[in-house]
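The values are calculated or read from the model by the stated rules, or taken from the named source; none is laboratory data. Just so we're clear, the structure is a prediction, and the values are computed from it rather than from any experiment. FYI the Cβ positions are ideal-geometry reconstructions off the backbone, even for glycines, and counts take in every protein chain you see. Calculation scope for accessible area: heavy atoms of the full protein, side chains included, ligands and nucleic acids excluded. Shrake-Rupley method; radii C 1.70, N 1.55, O 1.52, S 1.80 Å.
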Amino acid sequence: MDMRKLVGRNLARLRQAQKLTQEELAMRSGFSQQYLSDVERGLKNPTIITLYEIALALSVSHVALVEPDGMAEETAPQPKRRRAAGTGRIK
């Protein structure tokens, strides 16, 4: 799971739910609009303190920014399962 993309999707969703522009959130949070845009696009890796400050500006829990959002992520291929010798059962 790419945490930068997850945080970005959550940030964009929470911001849009409050009908805020990136510029308005920038004014509330003290971070630049460009920085917030980069976070939303998964290009920046914000610190815990940064996530906390953004969450305060949105009046949400900081956990809301890192919670799984249910969107499918690219997953690593699963290893092939082997059959146990002579049993026909999958290990």
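Based on alpha carbons, the Rg and Dmax found for the stretch 1-76 are 11.6, 39 Å. For the stretch 1-53, the list of GluC sites (Glu not before Pro) that fall in a loop by DSSP and count at most 16 other C-beta atoms within 10 angstrom is empty.
Using the 1.4 Å probe convention, the accessible area of the stretch 3-58 works out to 57 Å² per residue with neighbouring protein chains retained.
Sketch the reach of a paramagnetic label on ASP2 as a point 7 Å from Cα along Cα-to-Cβ, and name the residues of the stretch 18-53 whose backbone nitrogen lies under 14 Å away. Hits in the stretch 18-53 for ASP2 at 14 Å: 38-45. Packing, as the average of other Cβ atoms within 10 Å across residues, places the peptides 7-15, 30-38 in the order 7-15, 30-38, highest first.
Roughly speaking, to the nearest percent, how much of the stretch 3-58's 1.4 Å accessible area is carbon and sulfur? About 55 percent, which is the carbon plus sulfur part of the accessible surface.
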